Each structure stands twice: as C-alpha cells, then as structure tokens.
Amino acid sequence: MKTKLSSINLLTEINKPENRDFLSEFTAINYPKNSLVYSPGHERDLVFVVKKGRLRLYLAVEDKDFSLAILEPGDIYATHTRAHVETLEDVTLMVMPTQKLHSYMATHPALSRTIIRILGELLKQSFSIIDSLVFKDIKQRLVDFFLYEAGHNGTQTEHGTTIRLDITTTQLAAIIGSSRQTVSTIVSAMLKEGVLEKKERTLYIIPNVDLLRNYAQS
Ligand code: HEM
C-alpha cells in the first residue's frame with residue numbers, strides 16, 4: 001500500500017532561481033516530533049510544503065483513525081481539509097496562506113501545472129485507498145504495504161531486501177485500515193513462516209519478494 005502522497009518534489013521547484021520571489025512568501029515554522037500541528041477546521045486557511053522531517057496525514061472519528069499518507073520533504077498539503085496532520089519527527093514546514101498561493105498561480109502557469117499534477121496524484125492516491133479498502137483483505141493490504149516499502153525504500157543485501165520502518169504497530173494499523181491486534185497477529189505469522197524477518201525494532205528483511213507477494217494468496 002502506497003504511503004507517499006506525491007512523486008513531485010515541490011522543494012526542487014520552488015528553489016529554482018525563477019521562483020525566488022515565491023520562495024520568500026513562505027514562513028518557516030519548526031514543530032517537535034509527535035505533535036498534532038493541524039486539525040480539521042484550523043483557524044487559518046494555509047498551504048504548507050514540508051522542508052524537513054515526516055508527518056502523518058490521517059482521518060479520525062472518535063477513537064478510530066485512518067492514515068491517508070506520510071508527508072515527506074517536498075510534499076505540499078493544506079489546512080482546509082478533513083485530515084489531521086501530526087509530526088513523526090522534528091519537522092520544518094514552509095507555510096503560506098492558501099489565498100496567496102491561489103493569486104500566485106494565476107500569474108505563474110508553470111507553478112499551476114505542478115500544483116494540478118500534485119492534486120491529480122492526490123486524487124489517484126484517494127482512488128487507490130478506496131480500491132484497497134473495498135476490494136482487498138487485511139493480509140493483502142499488509143503485504144502490499146511491505147512490497148511498496150521494499151520497492152521504494154528498500155536496500156538489496158545478500159540476505160534479501162532490507163527495509164527500515166520507524167513506525168509503531170498502531171501507526172501501521174492506521175495506514176492499512178486495521179486494528180493493532182490484527183496487524184500484530186498477521187506480522188507474527190509472517191515472521192514465523194519466514195516471509196519476513198525482523199532484525200531490530202525498526203529493521204525488517206524480506207528474504208524473497210516473490211514469496212511475500214504470494215503470501216496473501218496462501
Ligand atoms: C490555490 C490553492 C487552493 C485553493 C484555492 C483551494 C481551494 C479549495 C476549496 C474551495 C475546497 C473545498 C472546501 C470545502 O469543501 O469547504 C478545497 C478542498 C480540498 N483541498 Fe484545496 N485549495 C488549494 C490548494 C490545495 C492544496 C495545495 C492541497 C493539497 C495538496 C489541497 C487539498 C484539498 C483537499 C484534500 C480538499 C478536500 C477537503 C475535504 O473535503 O476533506 N488544496 N480546496
């Protein structure tokens with residue numbers, strides 16, 4: 001299951017010399033790890049670009065929450081949505097009023113095209129989440145999550161594909177739309193059957209990606 005919101009790095013775009021005046025419109029704000037920075041109905045309508053660190057974007061109703069994406073440096077998001085935004089690490093955000101971005105886009109077609117592509121990817125990501133929740137069971141979603149991480153953030157070693165996952169079981173459960181207990185049971189079974197190995201608290205090895213891919217059907 002994909003957790004990255006967009007493949008477009010807006011930081012690269014706005015650091016180009018022709019966007020220097022645009023860059024100066026942002027205000028940099030630092031937040032410590034594990035803080036809830038925005039909730040639905042935030043008093044100010046802002047857009048922000050992640051400069052440093054990772055954040056979790058999630059929907060929450062009462063005590064249930066569901067992760068929509070992990071925001072990484074270069075990702076853009078806004079406060080006028082139903083999502084909560086919390087920091088997973090110490091972060092730096094570059095913030096500007098949505099209205100200001102809107103005005104800027106009117107005179108900068110290249111930036112408009114980039115923002116539209118980002119919003120298109122956001123829509124694509126939303127469709128993938130719906131598809132996954134409606135048509136796939138939890139075991140398959142968990143396998144998809146590990147396969148995605150292996151493909152995007154994995155390192156090949158002689159023992160297989162190594163992935164570093166600095167998230168708790170509760171956060172992983174929220175990403176795939178399940179409970180901590182269910183995720184913990186399936187991960188234990190995967191470890192027992194050898195399709196996944198755990199080396200340290202945050203270090204996993206997938207000895208054979210094809211074996212893992214077939215695991216959900218087994
Ligand atoms: C030019 C700047 C932008 C303008 C003028 C704008 C405007 C709007 C408006 C009018 C809505 C409907 C709000 C409502 O239902 O009350 C909306 C929704 C939304 N916008 Fe934006 N937006 C902008 C930029 C962005 C950016 C950069 C993102 C994220 C990358 C974003 C993400 C969203 C999302 C996810 C929703 C749906 C919210 C929900 O229903 O939960 N917007 N936007």
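Values quoted throughout were computed directly from the atomic coordinates according to the rules given, and no laboratory measurement underlies them. As the structure is a computational prediction, the values presented were derived from the model and not from experiment. Heads up, the Cβs are rebuilt from the backbone with ideal geometry, glycines too, and the neighbour counts pull from every protein chain shown.
Quick look at the values:
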| item | result |
| --- | --- |
| Computed [θ] at 222 nm, deg cm²/dmol, the chain (DSSP H ≥ 4; -39,500 (n - 2.57); rounded to nearest 500) | -13000 deg cm²/dmol |
| Two-decimal log10 I(q)/I(0) for the range 38-163, as the Debye equation yields it once each C-alpha is a single scatterer, q = 0.13, 0.14, 0.23 Å⁻¹ | -0.68, -0.78, -1.48 |
| Crossing angle, helix 138-153 versus the chain [Cα axis fit, 0-90 degrees, rounded to tens] | 60 |
| The range 58-111 versus the range 157-196: alpha-carbon centroid distance in Å | 27 |
| Efficiency of FRET from Cβ geometry, residue 27 and residue 168, R₀ 30 Å, rounded to 0.05 | 0.45 |
| Directionally averaged shadow of the range 137-215, computed from the convex hull of its alpha-carbon atoms, nm² | 4.6 |
| Packing-based exposure ordering (other Cβ within 10 Å, fewest first) of 45, 144, 210 | 210, 45, 144 |
| Potential lengthening between residue 217 and residue 180 on full extension [0.36 nm per residue; Cα-Cα distance subtracted] | 11.1 nm |
| Qualifying trypsin sites (Lys or Arg not before Pro) for the range 1-55 [loop in DSSP, other Cβ within 10 Å: at most 10] | 44 |
| Helix 109-135 vs. the chain, principal-axis angle (Cα, 0 to 90°, nearest 10) | 30 |
| Theoretical gain in end-to-end length, residue 90 to residue 127 [0.36 nm per residue, Cα-Cα removed] | 10.3 nm |
| Rg(Cα) / (2.2 N^0.38 Å) computed for the chain, rounded to two decimals | 1.10 |
| Rg(Cα) / (2.2 N^0.38 Å) computed for the range 1-98, rounded to two decimals | 1.06 |
| Förster radius 41 Å - calculated FRET efficiency between residue 36 and residue 148 (Cβ-Cβ, nearest 0.05) | 0.95 |
| Charge dipole (debye, nearest 20) of the range 70-218; +1 at Cβ of Lys and Arg, -1 at Cβ of Asp and Glu | 360 |
| Residue order, fewest to most beta carbons within 10 Å, for 77, 31 | 31, 77 |
